[in-house]
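Colleague: One structure follows; several queries about it will come next.
The values are calculated or read from the model by the stated rules, or taken from the named source; none is laboratory data. Bear in mind that the values here come from a model prediction, so they are computed numbers and not experimental data. FYI the Cβ positions are ideal-geometry reconstructions off the backbone, even for glycines, and counts take in every protein chain you see.
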Amino acid sequence: MSGRGLDVAGLVMARLADSYRLARAILLDDGEAEDAVQEASLSAWRRRDSLRDETRFDAWFDRILVNQCRDQLRRRGRAVRLAALPIGFEPSAAPPDTGADPDLDRALDALDADHRIVVVMRYWQDRTVDDIADRVGIPAGTVKSRLHHALRTLRATLEAGHG
């Protein structure tokens with residue numbers, strides 16, 4: 001069945017809470033997470049014809065959402081670099097306070113988008129390596145490599161903060 005016959009809007013609505021939690025864990029910011037979910041929902045609607053099988057909706061939508069989060073993280077990185085230029089103001093580049101563990105938030109914020117995404121999906125969503133690979137659109141070996149490097153970076157960042 002093509003995407004036109006599927007109730008993409010209904011499927012998105014049913015996943016809003018899970019989608020927000022994923023985006024929030026990746027972006028570490030409530031407002032940005034809401035924006036990411038909204039943009040991903042709009043993108044899913046526009047691309048609904050590319051969804052061929054309703055049983056694949058979760059992976060299909062997660063890929064759209066993760067890509068949206070990745071884009072937002074990259075834009076944030078560019079904004080932080082631009083903010084460092086002498087233009088009269090310097091907004092804070094510190095990670096937002098989530099009220100959870102500020103050291104962990106700081107360590108997650110130190111990861112690049114690709115590494116943060118696999119860590120969040122593996123340890124916050126408890127997804128398997130193969131499931132992450134499917135949802136992100138990369139080989140399982142790449143997921144394993146990114147997890148290895150991300151955990152090493154997280155460990156070093158957390159140890160530096162307590163040293």
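Colleague: So, in the stretch 137-163, how many residues would count as being touching a helix residue (DSSP H, G or I) at 6+ places or on another chain (Cβ under 6 Å), among the aliphatic types (A, V, I, L, M) and touching a residue at least 24 places away in the same chain (Cβ under 8 Å)?
Modeller: Qualifying residue count, the stretch 137-163: 5.
Colleague: Just to check your reading of the model, which residue among Ala40, Ala36, Ala25 is among the aliphatic types (A, V, I, L, M), under 10 Å from the mean Cα position of the chain (by Cα) and modelled with pLDDT of 95 or more?
Modeller: Answer to the selection: Ala36.
Colleague: What number of residues within the stretch 133-152 are surrounded by fewer than 18 Cβ atoms within 10 Å (Cβ to Cβ) and more than 14 Å from the chain's Cα centre (by Cα)? So that I can check it myself, show each step before the final result.
Modeller: Taking the stretch 133-152 first, the residues surrounded by fewer than 18 Cβ atoms within 10 Å (Cβ to Cβ) are 137-142, 144-145, 148-149, 151-152.
Subset that is more than 14 Å from the chain's Cα centre (by Cα): 138-142, 144-145, 148-149, 151-152.
So the answer is 11.
Colleague: To continue, here is another question. Has the stretch 143-163 got any residue that is at pLDDT below 90 and part of a loop (DSSP other than H, G, I, E, B)?
Modeller: yes
Colleague: Can you confirm whether Asp97 is in a loop (DSSP other than H, G, I, E, B), modelled with pLDDT of 90 or more, surrounded by fewer than 17 Cβ atoms within 10 Å (Cβ to Cβ) and of a type in the set (D, E, K, R)? Break it down stepwise before answering.
Modeller: Numbers: in a loop (DSSP other than H, G, I, E, B): yes; modelled with pLDDT of 90 or more: no; surrounded by fewer than 17 Cβ atoms within 10 Å (Cβ to Cβ): yes; of a type in the set (D, E, K, R): yes.
So Asp97 fails the test.
Colleague: Of the residues Arg56, Arg78, Arg70, Arg46, only one is closer than 26 Å to Gly161 by Cα, surrounded by fewer than 18 Cβ atoms within 10 Å (Cβ to Cβ), among the charged types (D, E, K, R) and at pLDDT below 95; which? Steps first, please.
Modeller: Values: Arg56 fails: closer than 26 Å to Gly161 by Cα; Arg70 fails: surrounded by fewer than 18 Cβ atoms within 10 Å (Cβ to Cβ); Arg46 fails: closer than 26 Å to Gly161 by Cα.
So the residue among Arg56, Arg78, Arg70, Arg46 that is closer than 26 Å to Gly161 by Cα, surrounded by fewer than 18 Cβ atoms within 10 Å (Cβ to Cβ), among the charged types (D, E, K, R) and at pLDDT below 95 is Arg78.
Colleague: Within the stretch 115-132, how many residues turn out to be part of a helix (DSSP H, G or I), under 14 Å from the mean Cα position of the chain (by Cα) and surrounded by fewer than 19 Cβ atoms within 10 Å (Cβ to Cβ)?
Modeller: First, the residues of the stretch 115-132 that are part of a helix (DSSP H, G or I): 115-124, 129-132.
Keeping just the survivors that are under 14 Å from the mean Cα position of the chain (by Cα) gives 115-124, 132.
Now restrict to residues that are surrounded by fewer than 19 Cβ atoms within 10 Å (Cβ to Cβ): 123-124.
Summing the residues that are part of a helix (DSSP H, G or I), under 14 Å from the mean Cα position of the chain (by Cα) and surrounded by fewer than 19 Cβ atoms within 10 Å (Cβ to Cβ) in the stretch 115-132 gives 2.
Colleague: Okay, next question. Can you confirm whether the stretch 102-114 contains a residue that is modelled with pLDDT under 85 and exposed (fewer than 12 other Cβ atoms within 10 Å of the Cβ)?
Modeller: The answer is no; no qualifying residue exists.
Colleague: How about the stretch 2-22: which of its residues are part of a loop (DSSP other than H, G, I, E, B) and under 21 Å from the mean Cα position of the chain (by Cα)? So that I can check it myself, show each step before the final result.
Modeller: Our first condition is that a residue be part of a loop (DSSP other than H, G, I, E, B); within the stretch 2-22, this holds for 2, 6-7, 15.
Selection gives Arg15 alone.
Colleague: With the requirement that a residue be in a helix (DSSP H, G or I) and of a type outside the set (S, T, N, Q), what does the stretch 133-142 give you?
Modeller: Within the stretch 133-142, the first condition is being in a helix (DSSP H, G or I), and the residues that meet it are 133-136, 140-142.
Of everything in the stretch 133-142, those that are in a helix (DSSP H, G or I) and of a type outside the set (S, T, N, Q) turn out to be Ala133, Asp134, Arg135, Val136, Ala140, Gly141.
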